[in-house]
Amino acid sequence: MTWPPLRDELRGLEPYGAPQLDVPVQLNVNENPYGPSPECVADIARSVAEAASTLNRYPDREFVALREALARYLSKDTPHGITPAQVWAANGSNEVMLQLLQAYAGPGRVALSFAPTYSMYPEYARDTGTQWVVGHREEDFSLDLDHARALIEEHRPAVVLLPSPNNPTGTALPHDAIAGLCEAAADGLLVVDEAYGEFRRAGVPSALELLPEHRNLVVTRTMSKAFALAGARLGYLAADPALCDGIRVVRLPYHLSAVTQAVALAALRHERELLGKVDELRDERDALVGWLREQGHEVAESDANFVLFGRFRDRHAVWQGLLDRGVIVRETGPDGWLRVSVGTPDETKTFELALSQVTEEVA
């Protein structure tokens, strides 16, 4: 027998992960470049210290206070409001997605999405023994709804995964597309992944507004991006309470630590100041899109805190040239494209200068 006795379908695979390199300008993993304010940091420290005094006890398994706070926050994005019974949270939206597939997909069932899209989705399917089916997006990275409906009709997926804004393209889904696909996938779940939802442009609504009309709709969010809490690992969803109850069956005992709950609650108390940077990042994104287009690059429309741009004959050479100048971006998406996270104004200037130099050399 081959050692170690790994599952056959996992042999030879590399673990997921973007390069973690110590470079001056890190624009490859869509982090918020602005850390929590000193006031928020102090509140987190006090909250963690309080939680530390009870670490001999298990945390609140149902994280009631956190679900109440998240429901209040999400209710601002929908006239219908969100109740705590509709909210579930886990260690990052990655674990939220994995739990969804553990509960509602699995062997003999299908998960479906449309490429290019988030590279972890097929891994969730693989890890839960779910068949993975992927369709395609249009040249402008929008969805062809006829193609999407036909694929859903053919495969009858248990779960459809649709990020909005899409990663790595930044493309948002209109309400009519979400509603139509909810109806097409009525026998399963339609998961709208709004990890970057807070960065959407004015007038682009959240899928949360559609929850009362579609019991099979799930909307996921994260505190990693807009709340600048990538290191805290807190993701969450809003859905029909019955769907949340199903996840309870597969969740690990006490999966959210007392410390995680304390940190998330403290950050939510500082919502206004943390989200205040979102407007700045939107403006920085739009300016970056304009600059890239002025330089002759193709740029995907973005409602996120990153921009997909190209097309390069040798994108790896461009990526390496940027890295050599102290700037790391992400080599992802369709061939010929690169993705850059929105940073501070100084980071953006450094990126723009480096890209100008690299494209002159590579061209």
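Excluding residue 91 itself, calculate the net charge of residues whose Cβ lies under 12 Å from the Cβ of residue 91, where each Lys or Arg counts +1 and each Asp or Glu counts -1.
Every neighbour counted, the sum reads +1.
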For the pair residue 251 and residue 177, the simple spin-label estimate (label points 7 Å beyond Cα toward Cβ) gives in nm 3.1 nm
Going fewest to most other Cβ atoms within 10 Å around each Cβ, 22, 60 line up as 22, 60
Nearest-0.05 FRET efficiency for residue 314 and residue 14 at R0 = 25 Å, using Cβ-Cβ distance, is 0.65
Counting only DSSP beta bridges fully inside the chain, the antiparallel percentage to nearest 5 is 45 percent
Charge tally for neighbours of residue 182 with beta carbon under 13 Å away, counting Lys, Arg as +1 and Asp, Glu as -1, is -4
Here the FRET efficiency for residue 213 versus residue 146, based on Cβ atoms and R0 = 25 Å and rounded to 0.05, is 0.70
Once residue 139 and residue 60 are pulled to full extension, the length gained, defined as 0.36 nm per residue separation minus their Cα-Cα distance, is 23.7 nm
Non-local residues with an amide H under 5 Å from the amide H of residue 164, with H modelled 1.01 Å from N and Pro and chain starts lacking one, are 193, 194, 195
Taking 0.36 nm per residue of separation between residue 50 and residue 273 and subtracting their Cα-Cα distance, the length gained on full extension comes to 78.0 nm
Reviewing (1) 160; (2) 345; (3) 173, the figure for volume of the Cα convex hull per residue in Å³ actually calculated from this model sits under (1)
With +1 on the Cβ of every Lys and Arg and -1 on the Cβ of every Asp and Glu, the dipole magnitude of the range 31-133 about its Cα centre, in debye rounded to the nearest 20, is 280 debye
Only helices counted: for the chain, with every DSSP H run of 4 or more residues adding -39500 (n - 2.57) and the sum spread over all residues, [θ] at 222 nm is -12500 deg cm²/dmol
Given Cβ charges of +1 for Lys and Arg and -1 for Asp and Glu, the option among 220, 42, 64 whose Cα lies farthest towards the positive end of the dipole of the range 38-269 is 42
Exposure-ranked with fewest Cβ neighbours within 10 Å first, 120, 223, 1 stand as 1, 120, 223
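With +1 assigned to the C-beta of every Lys and Arg and -1 to the C-beta of every Asp and Glu, and no other charges, what is the dipole magnitude of the chain about the Cα centre in debye, to the nearest 20?
Value, rounded to 20: 1060 debye.
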Put in order of increasing Cβ neighbours within 10 Å, starting from the fewest, 359, 130 give 359, 130
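No lab work stands behind these numbers, since they all come straight from the coordinates. What you see is a predicted model, and the numbers here were worked out from it, not measured in a lab. Ideal geometry is used to build each Cβ from the backbone, glycine not excepted, and the neighbour counts take in all protein chains shown.
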